[in-house]
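K.L.:
Dropping a structure here in structure tokens format, bear with me for questions.
The values are calculated or read from the model by the stated rules, or taken from the named source; none is laboratory data. What you see is a predicted model, and the numbers here were worked out from it, not measured in a lab. Backbone-built Cβ (ideal geometry, glycine too); neighbour counts: all protein chains shown.
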């Protein structure tokens, strides 16, 4: 066929596109299960990690055993049970053994400085105290805002009371090098004030939403057979 | 030009970042950590060399009117291969690099080499030219990253160099610092090595 003809460039482009898209599609299909498994494993281990201490102190399972890669899937389905929820894009889990409820975990979302972020918020069985927090997806500045993922920042939330006299507690930020004096003070990350306060705002906003959705309503509905 | 010359010209004499000021976006964005820069550099080396090879192979059949579309398509295909590979095998690094791996597609170095070299030279030569361009890019990235990571985190490749007494410079972690470092590098290197030309 003549290169100058009108139809040749179109056919050429079509052929090249089919070849390369074919290669990409095949490759993606080959790796798809592995990518999915990676994402799932990282999510499951982060959720279980929040309850690792509780499970260990109660003598149910040791931290190492809980988070061992080959046991991860099994442990997750054993201890974590998804709860029905009306809020879009969010999830709620009940973490329990056969005999007792160990706590709840909310999969929450909020806005940071550069984009949205997602976190897992673990609560004690009474849903009034934070057990732990982990931000598992964010787009903050690496080295500054992204440090909300680090132990030093997120461990501060463990053991915080959410309510005082029936009202939501307002968590406040204090400079990173200061020692918290009151129960509601959180050391912020220097150079990442917006991100730090976004985390506090996210927790507060989401708790209100989850409370409104009241998981108990679902339980009531189920019991009444609705 | 011999193959060695092609490589040296592409990597150093006509370094894409320092001499042609191409690929600046990613030089600013991913250079806060050495590891990120290295992986990014390897991704670019892989994509640019193979894209050059492929584009050069089909250059005689490619109609002029659609050659840029073909080049972009081929570059994009290789970059997506890198992206999928990282997601499957190095999920942590893939997460840190975020959207920047995908943005290799729009890195001007790739299109530049394709148009300037691969579209009119033999496949093996084009491959070497791409390799050179990628290596040159990686070296500059690592240079910037070494300064930023050392002052911003006190570490190199995550290994502590400065010790705990070091006060981290927040500015080094953010993109503007790369802007200044890159500009200073371009200034020094151009003055020192290319002044006679100018």
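K.L.:
What is the one condition in (1) assigned to a helix (DSSP H, G or I); (2) away from chain A (no Cβ under 14 Å); (3) within 25 Å of residue B:153 (Cα to Cα) that residue B:17 does not satisfy?
P.N.:
It fails just one condition, (1).
K.L.:
Sticking with this one: In this structure, does residue A:61 turn out to be out of contact with any helix residue (DSSP H, G or I) (no Cβ under 8 Å at 6 or more places or on another chain) and either surrounded by fewer than 13 Cβ atoms within 10 Å (Cβ to Cβ) or not in a helix (DSSP H, G or I) (or both)?
P.N.:
No.
K.L.:
Condition check: surrounded by fewer than 23 Cβ atoms within 10 Å (Cβ to Cβ) and in a helix (DSSP H, G or I). Does residue B:68 satisfy that?
P.N.:
For residue B:68, the condition - surrounded by fewer than 23 Cβ atoms within 10 Å (Cβ to Cβ) and in a helix (DSSP H, G or I) - is met.
K.L.:
Now, a different point. Just checking, how many residues over region A:30-41 are farther than 15 Å from residue A:74 by Cβ, modelled with pLDDT under 90 and surrounded by fewer than 16 Cβ atoms within 10 Å (Cβ to Cβ)?
P.N.:
1
K.L.:
When region A:126-158 is examined, which residues are found to be over 18 Å from the mean Cα position of the chain (by Cα) and in contact (Cβ under 8 Å) with a residue 12 or more places away in the chain?
P.N.:
Once the filter is applied, which keeps residues that are over 18 Å from the mean Cα position of the chain (by Cα) and in contact (Cβ under 8 Å) with a residue 12 or more places away in the chain, region A:126-158 yields A:128, A:141, A:144.
K.L.:
Is at least one residue of region A:138-151 away from every other protein chain (no Cβ under 14 Å) and surrounded by fewer than 14 Cβ atoms within 10 Å (Cβ to Cβ)?
P.N.:
For region A:138-151, residues away from every other protein chain (no Cβ under 14 Å) and surrounded by fewer than 14 Cβ atoms within 10 Å (Cβ to Cβ): present.
K.L.:
Look through A:5, A:77 and report the one residue that is surrounded by fewer than 16 Cβ atoms within 10 Å (Cβ to Cβ), farther than 29 Å from residue A:197 by Cβ and within 14 Å of chain B (Cβ to nearest Cβ).
P.N.:
Criteria check complete, one pass: A:5.
K.L.:
Looking at region A:25-47, which of its residues are within 26 Å of residue A:92 (Cα to Cα) and at the interface with chain B (Cβ under 10 Å from one of its Cβ atoms)?
P.N.:
Residues satisfying the conditions are A:33, A:34, A:35, A:36, A:37, A:38, A:39, A:41, A:42.
K.L.:
Follow-up question, since we're still on this one. Please go through region A:137-153 and give me each residue that is under 20 Å from residue A:50 (Cβ atoms) and not in a helix (DSSP H, G or I), ordered by number.
P.N.:
Residues satisfying the conditions are A:137, A:138, A:150.
K.L.:
I need a count of the residues in region B:48-74 that are more than 10 Å from chain A (Cβ to nearest Cβ) and within 12 Å of residue A:16 (Cα to Cα).
P.N.:
Selection size over region B:48-74: 3.
K.L.:
Now for a different question. Here are some conditions: (1) surrounded by fewer than 16 Cβ atoms within 10 Å (Cβ to Cβ); (2) more than 30 Å from residue A:212 (Cβ to Cβ). Residue A:72 meets all but one. Which one does it not meet?
P.N.:
Only one criterion in (1) surrounded by fewer than 16 Cβ atoms within 10 Å (Cβ to Cβ); (2) more than 30 Å from residue A:212 (Cβ to Cβ) is unmet by residue A:72, namely (1).
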